[in-house]
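See below for the structure under consideration.
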Amino acid sequence: MYYNNDTLIFLDGNWVKAKDSSADLYSQTLHYGAGVFEGIRSYKTENGANVFKAKEHYERLHYSAEKMHIKLPYSVEELIRLTYQLLEKNGLEDAYIRPLVYLGENMQLQPTNKVHVMLCAWEWGRYLGNTGLRLMTSSFQRPNPKSCFVEAKVTGHYTNSILATTEAKQKGFDEALLLDMNGYIAEGPGANFFYEKGGKLFTAPLGNILAGITRQTILDLAKELDFTVEEKYFTPKDVYEADGAFFTGTAAEVAGIESLDNKRFNLKWEDTMGYTLSNAYMNRVREKEYKLFELV
Ligand code: PMP
């Protein structure tokens, strides 16, 4: 699914076939989860492939690497250039791009200067699908910001996400919604969360969540659409009475949510502010600005 016999990836300065490439089994990242990565999308536009918010994603990759004491050997500009080459070499326009920075052999709990950079891409539909999601409040909390850098995209942080999604699926839900260490709703396992109530949108403030690039795009679009958004702490109980809700993320884009803990929201997805934002988002990523207010 992610690669075939012809797929090319960028690995430490070379373009190599995915099927012929390998990583060291003594990698510190493999043993301890000390690697950093990104999830980026490119979209087909009238002017060719557009790597959406490429600069923001690679700046976050640099931030994540710095927090994990990893020296990233490529600048933001170089990484953007390599990403366009990656798409061209694989004949991709609508694609999901996965840069991964992983470490070489090291069994110590200290940084290593053996740093590897891999870029790959594949065609990937909307991560959480297109239907109204049924969420459950997870029994797992998001990591405490005093135990790690929650705004860094670190491979090891995703064990928490895997536990939460797996629990939700095993209980018959589509996805989990996680609380922070104080019992307020933080975010999903791989996406930020918004809800609508009385014509206003609410989302958790930065601090205990990943600072989503899609979240910021939605805040920008909401401003352009004259939608009020309040960043505040809230509980599952507040959300049970919501009119609507949605997730935002690069892979998920804007994904409509139908219920939390089997409490259905008041409005049909098509009648929510989230739906309008979802259309505005898809027009923005495809550079159809003049159609911002039209349906896709
Ligand atoms: N929260 C978490 C935990 C995530 O993994 C992601 C996906 N990167 C997001 C939020 C959304 O971030 P972005 O919009 O930058 O993709």
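The values are calculated or read from the model by the stated rules, or taken from the named source; none is laboratory data. In this text the structure is predicted, and so the values were computed from the model without any measurement. We place every Cβ from the backbone using ideal geometry, glycine too, and count neighbours over all the protein chains shown.
I'd like the full set of residues that are under 23 Å from Thr214 (Cβ atoms), in a loop (DSSP other than H, G, I, E, B) and touching a strand residue (DSSP E or B) at 6+ places or on another chain (Cβ under 8 Å), limited to segment 33-67.
In the first step, residues of segment 33-67 are kept if they are under 23 Å from Thr214 (Cβ atoms); the result is 35-67.
Filter once more, so that each one left must be in a loop (DSSP other than H, G, I, E, B): 35, 38-39, 46-47, 52-53.
Correct list: Gly35, Glu38, Gly39, Phe52, Lys53.
Mind checking which pairs have a first residue in segment 189-200 that is under 19 Å from Thr214 (Cα atoms) and a second that is more than 16 Å from the ligand (Cβ to nearest atom) and polar (S, T, N, Q), Cβ under 8 Å, 6 or more apart or different chains?
As it stands, the answer is Glu196/Thr272; Lys200/Thr228, since those pairs meet every condition given.
Of all residues in segment 110-158, which are assigned by TED's automatic domain parsing to the domain that holds Ser278, within 13 Å of the ligand (Cβ to nearest atom) and among the hydroxyl-bearing types (Ser, Thr, Tyr)?
Within segment 110-158, Ser138, Thr155, Tyr158 qualify.
Provide a single number: the residues in segment 109-126 that are touching a residue at least 24 places away in the same chain (Cβ under 8 Å) and out of contact with any strand residue (DSSP E or B) (no Cβ under 7 Å at 6 or more places or on another chain).
3
Picking from Ala168, Ala242, Ala186, which residue would you name as being crowded, with 16+ Cβ neighbours inside 10 Å, of a type in the set (A, V, I, L, M) and closer than 28 Å to Leu61 by Cα?
Every option except Ala186 fails the conditions.
Run Tyr102 past the list (1) under 15 Å from Glu38 (Cβ atoms); (2) over 20 Å from the mean Cα position of the chain (by Cα) and report the number of the one that doesn't hold.
Of (1) under 15 Å from Glu38 (Cβ atoms); (2) over 20 Å from the mean Cα position of the chain (by Cα), only one is false for Tyr102: (2).
Is there any pair with a first residue in segment 45-58 that is touching a residue at least 40 places away in the same chain (Cβ under 8 Å) and a second that is within 12 Å of the ligand (Cβ to nearest atom) whose Cβ atoms are under 6 Å apart and which are 6 or more apart or on different chains, and what are they?
Every condition considered, the pairs that remain are Phe52/Arg41; Phe52/Val285; Lys53/Ile213; Glu56/Ile213; His57/Glu38; His57/Ile40.
Filter segment 196-220 down to residues that are away from the ligand (no atom under 12 Å from the Cβ) and surrounded by fewer than 21 Cβ atoms within 10 Å (Cβ to Cβ), then give me how many there are. Lay out the reasoning, then the answer.
Going residue by residue through segment 196-220, those that are away from the ligand (no atom under 12 Å from the Cβ) are 196-202, 205, 207, 220.
So of that shortlist, the ones also surrounded by fewer than 21 Cβ atoms within 10 Å (Cβ to Cβ) come out as 197-200, 205, 207, 220.
Of the residues in segment 196-220, 7 are away from the ligand (no atom under 12 Å from the Cβ) and surrounded by fewer than 21 Cβ atoms within 10 Å (Cβ to Cβ).
Please work out which residue is nearest to the ligand (Cβ to nearest atom), limiting yourself to segment 236-292 and to residues that are free of Cβ contacts under 8 Å to residues at least 60 places away in the same chain, more than 22 Å from Gly183 (Cα to Cα) and of a type in the set (Gly, Ala, Ser).
Restricting to residues being free of Cβ contacts under 8 Å to residues at least 60 places away in the same chain, more than 22 Å from Gly183 (Cα to Cα) and of a type in the set (Gly, Ala, Ser), the top hit is Ser278.
Results for (1) among the charged types (D, E, K, R); (2) touching a residue at least 12 places away in the same chain (Cβ under 8 Å), shown as yes or no for each residue.
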| site | (1), (2) |
| --- | --- |
| Leu128 | no, yes |
| Ile162 | no, yes |
| Lys169 | yes, no |
| Ala176 | no, yes |
| Glu187 | yes, yes |
